[in-house]
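Dumping the structure here so I can ask a few things about it.
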Amino acid sequence: MEIQKYEELILSELKKVTEAILIKNPQPKISAKSRAGAEISSLLEEQFVIETANHQFFKNSAASPDGATKNPWDAMTHFSIKNHDEVIWIDFKAVKVSSADSNPDIGTPDKIIDLINSGYFYLVYIFVYYEEMKGGLQFVSNSDGDTVKIYFLKDINHTFRRNPKNQLQVNISAKPEIRTREEFINILFNKIEQSHKRQIEISNKALGAIEKGDVKAKLIEMNNVSEGKIKNL
Ligand SMILES: [Ca+2]
(Lines give C-alpha, C1' and ligand atoms only; values in the text may rest on other atoms or scores of the structure.)
Protein backbone atom coordinates (compact mmCIF):
# COMPACT_ATOMS: atom_id res chain seq x y z
CA MET A 1 0.00 0.00 0.00
CA GLU A 2 1.25 3.44 -0.83
CA ILE A 3 2.46 5.18 2.35
CA GLN A 4 0.55 8.38 1.63
CA LYS A 5 -2.71 6.49 1.07
CA TYR A 6 -2.09 4.53 4.26
CA GLU A 7 -1.57 7.77 6.20
CA GLU A 8 -4.64 9.42 4.70
CA LEU A 9 -6.75 6.43 5.71
CA ILE A 10 -5.52 6.56 9.32
CA LEU A 11 -6.18 10.31 9.55
CA SER A 12 -9.61 10.21 7.95
CA GLU A 13 -10.70 7.36 10.24
CA LEU A 14 -9.38 9.15 13.32
CA LYS A 15 -11.13 12.31 12.24
CA LYS A 16 -14.45 10.49 11.85
CA VAL A 17 -14.12 9.01 15.32
CA THR A 18 -13.34 12.40 16.87
CA GLU A 19 -16.17 14.13 15.04
CA ALA A 20 -18.57 11.47 16.29
CA ILE A 21 -17.39 12.09 19.85
CA LEU A 22 -17.95 15.85 19.51
CA ILE A 23 -21.42 15.36 18.07
CA LYS A 24 -22.32 13.18 21.05
CA ASN A 25 -20.79 15.63 23.55
CA PRO A 26 -21.43 19.10 22.14
CA GLN A 27 -21.52 20.85 25.52
CA PRO A 28 -19.59 18.84 28.09
CA LYS A 29 -20.06 19.86 31.70
CA ILE A 30 -16.54 21.17 32.06
CA SER A 31 -15.74 24.60 33.40
CA ALA A 32 -13.82 26.61 30.79
CA LYS A 33 -11.31 27.64 33.44
CA SER A 34 -7.71 26.71 34.10
CA ARG A 35 -7.90 22.91 33.91
CA ALA A 36 -10.27 22.77 30.94
CA GLY A 37 -7.61 21.41 28.55
CA ALA A 38 -6.81 18.45 30.80
CA GLU A 39 -10.48 17.72 31.47
CA ILE A 40 -11.42 17.88 27.79
CA SER A 41 -8.53 15.54 27.04
CA SER A 42 -9.81 13.06 29.66
CA LEU A 43 -13.25 13.18 28.10
CA LEU A 44 -11.89 12.61 24.59
CA GLU A 45 -9.61 9.79 25.77
CA GLU A 46 -12.46 7.94 27.47
CA GLN A 47 -14.82 8.49 24.57
CA PHE A 48 -12.19 7.44 22.05
CA VAL A 49 -11.90 4.04 23.74
CA ILE A 50 -15.68 3.65 23.75
CA GLU A 51 -16.09 4.85 20.16
CA THR A 52 -13.45 2.42 18.84
CA ALA A 53 -14.53 -0.61 20.89
CA ASN A 54 -15.85 -2.31 17.75
CA HIS A 55 -14.08 -0.41 15.04
CA GLN A 56 -13.18 -1.74 11.60
CA PHE A 57 -9.55 -0.56 11.85
CA PHE A 58 -8.84 0.60 15.41
CA LYS A 59 -8.27 -2.13 17.97
CA ASN A 60 -7.34 -2.26 21.66
CA SER A 61 -7.55 1.48 22.21
CA ALA A 62 -6.45 2.75 25.60
CA ALA A 63 -6.72 6.01 27.50
CA SER A 64 -3.77 7.38 29.44
CA PRO A 65 -3.85 6.41 33.12
CA ASP A 66 -5.46 9.07 35.35
CA GLY A 67 -2.99 11.67 36.54
CA ALA A 68 -0.13 10.28 34.42
CA THR A 69 0.96 13.66 33.09
CA LYS A 70 4.23 12.25 31.71
CA ASN A 71 2.50 9.57 29.66
CA PRO A 72 3.70 9.89 26.05
CA TRP A 73 0.14 9.71 24.72
CA ASP A 74 -3.36 10.73 25.75
CA ALA A 75 -4.85 7.78 23.93
CA MET A 76 -3.30 5.01 21.93
CA THR A 77 -4.73 2.55 19.49
CA HIS A 78 -3.72 -0.12 17.01
CA PHE A 79 -4.57 0.53 13.40
CA SER A 80 -5.10 -2.95 11.99
CA ILE A 81 -5.27 -3.67 8.30
CA LYS A 82 -4.55 -6.93 6.51
CA ASN A 83 -2.73 -8.40 9.53
CA HIS A 84 -0.55 -5.33 9.81
CA ASP A 85 -0.60 -3.70 13.22
CA GLU A 86 0.36 -0.04 13.55
CA VAL A 87 0.57 1.56 16.98
CA ILE A 88 -0.84 5.11 16.94
CA TRP A 89 -0.15 7.60 19.71
CA ILE A 90 -2.72 10.34 20.05
CA ASP A 91 -2.15 13.74 21.64
CA PHE A 92 -5.40 15.67 22.07
CA LYS A 93 -5.14 19.45 22.00
CA ALA A 94 -8.10 21.43 23.24
CA VAL A 95 -7.85 25.00 22.04
CA LYS A 96 -9.88 27.88 23.36
CA VAL A 97 -10.82 29.65 20.12
CA SER A 98 -9.93 33.01 21.61
CA SER A 99 -6.28 31.90 22.01
CA ALA A 100 -5.75 30.69 18.45
CA ASP A 101 -2.39 32.42 18.12
CA SER A 102 -0.44 30.69 20.87
CA ASN A 103 2.67 28.51 20.51
CA PRO A 104 2.07 25.60 22.83
CA ASP A 105 4.59 22.91 23.71
CA ILE A 106 3.70 19.82 21.76
CA GLY A 107 5.94 17.31 23.50
CA THR A 108 9.54 16.31 23.67
CA PRO A 109 11.25 15.00 20.52
CA ASP A 110 12.34 11.99 22.62
CA LYS A 111 8.79 10.65 22.35
CA ILE A 112 8.82 10.35 18.58
CA ILE A 113 12.38 9.02 18.66
CA ASP A 114 11.23 6.26 21.05
CA LEU A 115 8.20 5.53 18.89
CA ILE A 116 10.24 5.24 15.69
CA ASN A 117 12.81 3.11 17.49
CA SER A 118 10.07 0.71 18.51
CA GLY A 119 9.09 0.22 14.86
CA TYR A 120 6.20 2.70 14.55
CA PHE A 121 5.93 6.29 13.42
CA TYR A 122 2.58 7.88 13.99
CA LEU A 123 2.14 10.39 16.74
CA VAL A 124 -0.98 12.30 15.82
CA TYR A 125 -2.26 15.62 17.11
CA ILE A 126 -5.99 16.00 17.29
CA PHE A 127 -7.07 19.60 17.85
CA VAL A 128 -10.56 20.44 19.03
CA TYR A 129 -11.86 23.92 19.70
CA TYR A 130 -14.06 25.24 22.45
CA GLU A 131 -15.50 28.39 23.86
CA GLU A 132 -16.85 29.30 27.22
CA MET A 133 -20.58 29.28 27.73
CA LYS A 134 -22.89 29.59 30.69
CA GLY A 135 -22.33 26.60 32.97
CA GLY A 136 -19.47 25.12 30.98
CA LEU A 137 -18.14 25.10 27.47
CA GLN A 138 -19.11 24.07 24.00
CA PHE A 139 -17.15 22.67 21.11
CA VAL A 140 -16.97 25.01 18.13
CA SER A 141 -15.17 25.17 14.81
CA ASN A 142 -11.91 27.02 14.14
CA SER A 143 -11.44 29.93 11.74
CA ASP A 144 -11.19 27.44 8.85
CA GLY A 145 -14.60 26.06 9.76
CA ASP A 146 -13.23 22.74 11.06
CA THR A 147 -14.33 21.23 14.35
CA VAL A 148 -11.37 18.85 14.26
CA LYS A 149 -7.88 19.52 12.94
CA ILE A 150 -5.71 16.48 12.74
CA TYR A 151 -2.18 15.82 11.58
CA PHE A 152 0.79 13.59 12.22
CA LEU A 153 3.84 15.03 13.89
CA LYS A 154 5.71 13.84 10.77
CA ASP A 155 3.74 16.40 8.74
CA ILE A 156 4.18 19.32 11.11
CA ASN A 157 4.62 22.79 9.63
CA HIS A 158 8.31 23.50 8.96
CA THR A 159 8.17 26.52 11.32
CA PHE A 160 8.25 24.23 14.37
CA ARG A 161 11.20 24.46 16.70
CA ARG A 162 12.76 22.80 19.69
CA ASN A 163 13.02 25.05 22.71
CA PRO A 164 15.71 24.91 25.43
CA LYS A 165 13.41 22.78 27.59
CA ASN A 166 13.61 20.08 24.91
CA GLN A 167 10.01 20.65 23.89
CA LEU A 168 8.82 20.99 20.33
CA GLN A 169 6.68 24.05 19.68
CA VAL A 170 4.56 25.18 16.80
CA ASN A 171 1.99 27.89 16.30
CA ILE A 172 -1.44 26.50 16.95
CA SER A 173 -2.71 27.79 13.60
CA ALA A 174 0.23 26.49 11.51
CA LYS A 175 -0.88 24.19 8.73
CA PRO A 176 0.61 20.73 8.33
CA GLU A 177 2.80 19.92 5.32
CA ILE A 178 2.94 16.57 3.61
CA ARG A 179 6.44 15.05 3.68
CA THR A 180 7.88 11.57 3.65
CA ARG A 181 8.82 9.77 6.83
CA GLU A 182 12.50 10.07 6.03
CA GLU A 183 12.12 13.80 5.28
CA PHE A 184 10.62 14.14 8.73
CA ILE A 185 13.55 12.40 10.40
CA ASN A 186 15.85 14.81 8.57
CA ILE A 187 13.92 17.97 9.48
CA LEU A 188 13.56 16.82 13.09
CA PHE A 189 17.30 16.41 13.47
CA ASN A 190 17.94 19.74 11.72
CA LYS A 191 15.67 21.40 14.27
CA ILE A 192 17.38 19.69 17.20
CA GLU A 193 20.77 20.72 15.84
CA GLN A 194 19.65 24.34 15.26
CA SER A 195 18.26 24.47 18.77
CA HIS A 196 21.52 23.32 20.34
CA LYS A 197 23.45 25.80 18.21
CA ARG A 198 21.21 28.63 19.39
CA GLN A 199 21.80 27.57 22.97
CA ILE A 200 25.57 27.49 22.44
CA GLU A 201 25.37 30.99 20.97
CA ILE A 202 23.38 32.23 23.97
CA SER A 203 25.84 30.60 26.36
CA ASN A 204 28.86 31.98 24.49
CA LYS A 205 27.39 35.46 24.66
CA ALA A 206 26.74 35.07 28.38
CA LEU A 207 30.25 33.70 28.97
CA GLY A 208 31.70 36.64 27.04
CA ALA A 209 29.81 39.08 29.26
CA ILE A 210 31.00 37.28 32.38
CA GLU A 211 34.58 37.41 31.11
CA LYS A 212 34.35 41.17 30.58
CA GLY A 213 33.38 41.35 34.24
CA ASP A 214 31.52 44.73 34.10
CA VAL A 215 28.30 43.45 35.58
CA LYS A 216 30.03 41.66 38.43
CA ALA A 217 32.35 44.64 39.12
CA LYS A 218 29.33 46.95 39.24
CA LEU A 219 27.59 44.63 41.74
CA ILE A 220 30.67 44.56 43.97
CA GLU A 221 30.88 48.35 43.80
CA MET A 222 27.16 48.72 44.64
CA ASN A 223 27.52 46.25 47.48
CA ASN A 224 30.46 48.18 48.93
CA VAL A 225 28.35 51.33 48.93
CA SER A 226 25.43 49.53 50.65
CA GLU A 227 27.66 47.83 53.20
CA GLY A 228 29.36 51.16 53.86
CA LYS A 229 26.01 52.69 54.81
CA ILE A 230 25.31 49.87 57.27
CA LYS A 231 28.80 50.05 58.76
CA ASN A 232 28.42 53.80 59.30
CA LEU A 233 25.25 53.35 61.35
CA1 LIG B 1 -2.65 16.44 25.11
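All but one of (1) in contact (Cβ under 8 Å) with a residue 40 or more places away in the chain; (2) more than 23 Å from residue 18 (Cα to Cα) hold for residue 118; which doesn't?
Among (1) in contact (Cβ under 8 Å) with a residue 40 or more places away in the chain; (2) more than 23 Å from residue 18 (Cα to Cα), residue 118 violates only (1).
Now, a different point. I'm checking my understanding of the structure. Among residues of region 125-138 that are over 22 Å from residue 170 (Cα atoms) and in contact with a Pro (Cβ under 9 Å, 6 or more places away or on another chain), which one is surrounded by the fewest Cβ atoms within 10 Å (Cβ to Cβ)?
Filtering first and then ranking leaves 136.
Here is a further query. Hey, among 86, 45, which residue is touching a Phe, Trp or Tyr at 6+ places or on another chain (Cβ under 9 Å), modelled with pLDDT of 95 or more and more than 16 Å from the ligand (Cβ to nearest atom)?
86
Residues in region 11-20: is at least one out of contact with any strand residue (DSSP E or B) (no Cβ under 6 Å at 6 or more places or on another chain) and among the charged types (D, E, K, R)?
Checked region 11-20: at least one residue is out of contact with any strand residue (DSSP E or B) (no Cβ under 6 Å at 6 or more places or on another chain) and among the charged types (D, E, K, R).
Which condition does residue 91 not pass, out of (1) away from the ligand (no atom under 16 Å from the Cβ); (2) within 17 Å of residue 38 (Cα to Cα); (3) modelled with pLDDT of 95 or more, if it passes all the others?
(1)
Next question. Scan region 94-107 and give yes if some residue there is assigned by TED's automatic domain parsing to the domain that holds residue 18, at pLDDT 95 or above and within 16 Å of the ligand (Cβ to nearest atom), otherwise no.
No, there is no match, as no residue in region 94-107 is assigned by TED's automatic domain parsing to the domain that holds residue 18, at pLDDT 95 or above and within 16 Å of the ligand (Cβ to nearest atom).
Exactly one of (1) in contact with a Lys or Arg (Cβ under 9 Å, 6 or more places away or on another chain); (2) under 30 Å from residue 180 (Cα atoms) is unmet by residue 47. Its number?
All conditions are met except number (2).
What number of residues within region 20-54 are of a type in the set (Asp, Glu) and surrounded by fewer than 17 Cβ atoms within 10 Å (Cβ to Cβ)? Step through it out loud before you land on a result.
Initially, region 20-54 is screened for residues of a type in the set (Asp, Glu), giving 39, 45-46, 51.
In the following step, the residues that additionally are surrounded by fewer than 17 Cβ atoms within 10 Å (Cβ to Cβ) were identified as 46.
The total comes to 1.
Please count how many residues of region 55-77 are more than 16 Å from the ligand (Cβ to nearest atom) and either surrounded by fewer than 17 Cβ atoms within 10 Å (Cβ to Cβ) or in a loop (DSSP other than H, G, I, E, B) (or both).
Residues that pass the stated criteria total 5.
Considering only region 182-231, state which residues are hydroxyl-bearing (Ser, Thr, Tyr) and more than 30 Å from residue 169 (Cα to Cα).
Of everything in region 182-231, just one residue is hydroxyl-bearing (Ser, Thr, Tyr) and more than 30 Å from residue 169 (Cα to Cα), namely 226.
The values are calculated or read from the model by the stated rules, or taken from the named source; none is laboratory data. Please read all numbers here as calculations on a predicted model, not as lab measurements. Here the Cβ is made from the backbone with ideal geometry for all residues, glycine too, and neighbour counts use every protein chain on show.
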